[in-house]
Amino acid sequence: MSKNLLVEYIPFKPIGPVNEQLGKQYGIPGGLVVQGVLQRAGAKNQNGRVYPKHILNREAKKYQKEYIDQNRALGELDHPDSSVVNLNNVSHNVLKMWWTGDDLMGAVQILETPAGKILKSLFEAGITLGISSRGLGSVKELYKESAVEVQEDFELICFDFVSNPSTHGAFLKPMNMNESVSKTIKDYKNVNNIITSILCDSGKCRILPWNLKKY
């Protein structure tokens, strides 16, 4: 079987406070840290894929050893169509992973990079985001379940932050902000205002067309 790029979007609900105090627990004074579900084993996600737990567990251990332990478990803001993490778009670093039942949990540091600042601003504005795994592998069709199962050749690459989650129950959002299920033009407007503000601060100011009307 040939390997394909497998992208999964996971709603990520923080299990603890998202503030500087949590960052200090991980030795990051003044840093923003969020923690919650990174991936889920044994359940069909919104892409119709199922990840066996033994495969996810194997890749989690490998990711811990080769990336987290070496302080280089980096991820991007939004998914690129690539199997390589682009340093120009890095927004966060995974600090720790652990299992709670079939849920692969994680603690994630938001970095002070350009993409990280956008990510932090979105959180502070109360925008609901998701976290998404990126990997390479093949799948096998499960006809009875109307799903496909990820196979043994799966390789985990990284976890990215995204706006369009696909795994049920893993949105990443600060605990002290009210959760919103629906997406409205107001949310979109807030996102573009935040990005425009950051671009202006960096001397690359331009107006994003959130308010354009179709005639």
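Where a number appears in this text, it was derived from the coordinates with a stated rule and is not lab data. Please read these numbers as outputs of a predicted model, since none were measured by experiment. Reconstructed Cβ throughout: ideal geometry from the backbone, glycine too, with neighbour counts over all protein chains shown.
Some observations on this one:
- For the peptides 52-58, 83-89, residues were scored by their other Cβ atoms within 10 Å and the scores averaged per peptide; the highest-first order is 52-58, 83-89.
- Relative to the current alpha-carbon distance between E145 and D81, full extension at 0.36 nm per residue lengthens the span by 20.2 nm.
- Relative exposure of M97, M105, judged by other C-beta atoms within 10 Å (fewest first): M105, M97
- Rounded to the nearest Hz, the phi-derived 3J(HN,Hα) couplings of the stretch 129-141 under the Karplus curve 6.51 cos²θ - 1.76 cosθ + 1.60 (θ = phi - 60°) are 10, x, 10, 9, 7, 10, x, 10, x, 10, 10, 10, 6, where x marks glycine and proline.
- Summarising the amide proton neighbourhood of I131: residues at separation of 5 or more, or on other chains, whose placed amide H is nearer than 5 Å comprise I10, F12, V162, L172.
- Of interest is the spacing of the C-alpha centroids, which for the stretch 48-92 and the stretch 106-142 amounts to 11 Å.
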